[in-house]
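Note sheet for the following structure.
What follows is calculated from the coordinates using simple rules that are stated; it is not laboratory data. Not measured: the values here are computed from a predicted model. Because the Cβ atoms are built from the backbone with ideal geometry, glycine has one as well, and the counts that use them run over all protein chains shown.
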Amino acid sequence: MMAIFNKNNPENTTTWTVKGHFDTDKGRVRKHNEDSLMLKRTGEGTIAIVADGMGGHAAGEVASRIAVQTIIKQLLGKGTLDSEKNLHKVVSMANKAILDSANTNKERRGMGCTTTLLTLRENKLTWAHVGDSRLYMRIGERLEQITTDHTVANAQEGAEEQSHVLTRAMGLYETLDIDTGTLLLDASNPYRFLLCSDGLYDMLNNEEINDILRIRSPFLATRCLIEMSNYNGGLDNVSVIVLDAVPGQYKNKDMDITKEIILPK
């Protein structure tokens, strides 16, 4: 789904155009899609969320759906988009909602998910993160991973075989350690952000992802990332959000993210 928004920043009078697309696919191997995601405009700004239901656990798709629905509901209510404290709060509320659902339905006990959340208000980007879904930022030709994977492999040297054993996840414990952060966007550059589940970066390395993100259209970039993930094996569900934040002076210029990519047949 494509969304295009215009927002004026009163501090520097720069008008930012925010446009994006999101999509998901079950992949080539899994029978069900346990991912949930959303890209939504509010009166304050833009919200993007990816949640990946924990594979091998009961009702992972339910956990990811509860996480996304709870966060959106809270942020659309009285939540402030550009506050790390508030994002921490709404993610904690989603964690509790998952636990409450599991406690009232024995078939859902043990369900969990990852959650990576981005909000964009004028030139201020705020994020919150639990698990191994990812948030990337692309400026010019440089792709940078903003979030840290909460996995055993990332926490312990020499534990690569446990690359998908999570050290943090939603729905497992009442107390949850949540990463948060803030970025202020410079009006001299256009930005592209990517939120994705591990089904993407397991099939494509960062160089391949960066190459595809040169495609100007968020819709085409999103579809190409998913198609190439499936072409390379599609071993897991794959969810992708591509979000552009473009300052006013680039309105009638080509952003430096243009390249023809040929999809596999």
Distance in nm between pseudo-label sites at His164 and Met93 (7 Å out along the Cβ direction from Cα): 3.2
Region 13-250: radius of gyration over Cα atoms, expressed as a fraction of 2.2 N^0.38 Å: 0.97
Kirkwood Rh, Cα atoms: Rg over Rh of region 168-245: 1.05
Mean separation of Cα contacts under 8 Å (6+ apart) over length of region 13-250, as relative contact order %: 27
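Subtracting the Cα-Cα distance from 0.36 nm times the residue separation, let me have the gained length for Gln69 to Asn154 in nm, one decimal. Mind dumping the intermediate values first?
Details: separation 85, 0.36 × 85 = 30.60 nm, distance 2.90 nm.
Separation in residues times 0.36 nm, less the Cα-Cα distance, equals 27.7 nm.
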Debye intensity ratio in log₁₀ form over the Cα atoms of region 110-205, taken at each q of 0.13, 0.14 Å⁻¹: -0.51, -0.58
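Hey, what's the Cα Rg ratio for region 88-147 versus the globular rule of thumb, 2.2 N^0.38 Å? The partial results should precede the final answer.
Values: Rg = 15.4 Å, N = 60, 2.2 N^0.38 = 10.4 Å.
The reported ratio for this selection is 1.48.
For Leu184 and Asn232, calculate 0.36 nm times their separation in residues minus their Cα-Cα distance, and state this gained length in nm to one decimal.
Values: separation 48, 0.36 × 48 = 17.28 nm, distance 3.55 nm.
Stretched fully, the Leu184-Asn232 segment lengthens by 13.7 nm.
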Nearest-0.05 FRET efficiency for Leu220 and Thr175, computed from C-beta distance (R0 41 Å): 0.45
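Please arrange Phe22, Phe219 by counting, for each residue, the other beta carbons lying within 10 Å of its beta carbon, fewest first. Could the numbers behind the result be given before it?
Details: Phe22 23, Phe219 16.
Fewest to most other Cβ atoms nearby, the residues stand as Phe219, Phe22.
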Selected from Leu166, Thr114, Thr17, residue furthest toward positive end of dipole (region 13-250; charges at beta carbon): Thr17
Cross-link pairs Lys26/Lys73; Lys26/Lys96; Lys40/Lys124; Lys85/Lys124 - those with Cα-Cα distance over 20 Å: Lys26/Lys73; Lys26/Lys96
